[in-house]
Structures are given as C-alpha cells and as structure tokens.
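Below is one structure, written out as structure tokens; comments come after it.
The values are calculated or read from the model by the stated rules, or taken from the named source; none is laboratory data. What you are looking at is a predicted structure, and each value in this text was computed from that prediction instead of being measured. Quick reminder, even Gly has a Cβ in these numbers, built from the backbone with ideal geometry, and neighbours come from all protein chains shown.
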Amino acid sequence: MTADVWVFGYGSLVWRPDFPFADRRPAFIRGWARRFWQGSTDHRGVPGAPGRVVTLVPEPGVECWGIAYRIAAADRDAVLAHLDYREKGGYRMERLTLHFAAPHASTEGLVYHATPDNPNYLGPAAPDAIARQVLASHGPSGPNIDYVLRLADALRAIGAEDAHVFEIERLVREAADAR
C-alpha cells in the first residue's frame, strides 16, 4: 500500500475540497506567488470566454498560504485521479515543500499549478482588466466573481495576506456594487 500524501490547495481547494482527507492544516510554500493568470474554460468560464483563476508563479522571497490536506493511503489513488480530472484545464502536478505554522514542521506535498505553456494560460494583466474579465465570466461551476470572493474570504479566515487576491476582490466588489 502507498503512503499518505499531502496536497496543497491555494485556489478553490482552500474553500472547496471535494474529496476525503484525513487532516487539514493551514500551510505555505516559499518562492511562489498566487496570481489570476490562468484561464478557466471548464469551471469559471467557457471556451471563447474564459474566466480567470489562480495559478502559481515563481517569485523569490514570498510565501503563498493555503490549506494542506493529508490524504490517507487508502484514498490516495482515487483522490489523485479526481484531482487530475478537476485540474485538467492546464494544471500540472509538482512536488514542493509545504511548511506548517504550527508545530513549525514541513513535509513534501503535491501542488497543481498552471504554466505558461498550456493553452488556457492568460498571463499577467492590469488588475482592472482582470476584474472586468472576472465580472463578465460564468462557467459550469458558477460565476467567476464567486471564485474571487470565496477565495478572499477563505484566505482571511486562515489569517493569510495576499495583496493580489485582495486587490482583485476589491475591484470586483466595487464594480458589482456600482451595477
């Protein structure tokens, strides 16, 4: 039997784990920043009108907070198959070191992130352009604005700071309130 595995969530997995897990803890990875640079044509947008979801980009000296889930060995294969399907829109799996706030431990874990070489990668844009795209996008998993707002709320709930996410949240809230 294979061993337990840790999976790190920094986007929708922070607030919507849809798989069995044995443990859940706030954690962070070093040297990666969360950015709304990945297009979503299967969850928060559609082909031809993608939504924007987060991915990770290398950035020395930063910490990206999220939630680490320990997947029991008995569930490992099924959960990873499920996540491979869920993250099929341009994400790949990588092994990174996960750091826990308490008890100040670290472990190896799996992280899904999108790279610039995938067909749904949108790359950087001005925050107001990202916000406009979020407000206009809707896909099978619902409105793109819900993704932004739920992610921001979930990050606050674990005490995480993320200037990029909170800036996009502020812009979409202001624009939605002005409608």
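Worth a mention:
- Total residues in region 13-35, condition buried (at least 22 other Cβ atoms within 10 Å of the Cβ) and among the small types (Gly, Ala, Ser): 1
- Region 152-176 residues that are over 24 Å from Ala102 (Cβ atoms) and in a helix (DSSP H, G or I), paired with ones that are at pLDDT 95 or above and among the aromatic types (Phe, Trp, Tyr) (beta carbon under 6 Å, 6 or more apart): Ile168/Phe36
- A Cβ distance below 8 Å, combined with a sequence gap of six or more or placement on separate chains, defines the contacts here; from region 45-57, residues that are over 17 Å from Glu167 (Cβ atoms) and touching a residue at least 12 places away in the same chain (Cβ under 8 Å) reach residues that are in a strand (DSSP E or B) and of a type in the set (Phe, Trp, Tyr) in the pairs Leu56/Trp32.
- Residue in region 130-138 that is in contact with a strand residue (DSSP E or B) (Cβ under 8 Å, 6 or more places away or on another chain) and part of a loop (DSSP other than H, G, I, E, B) present: yes
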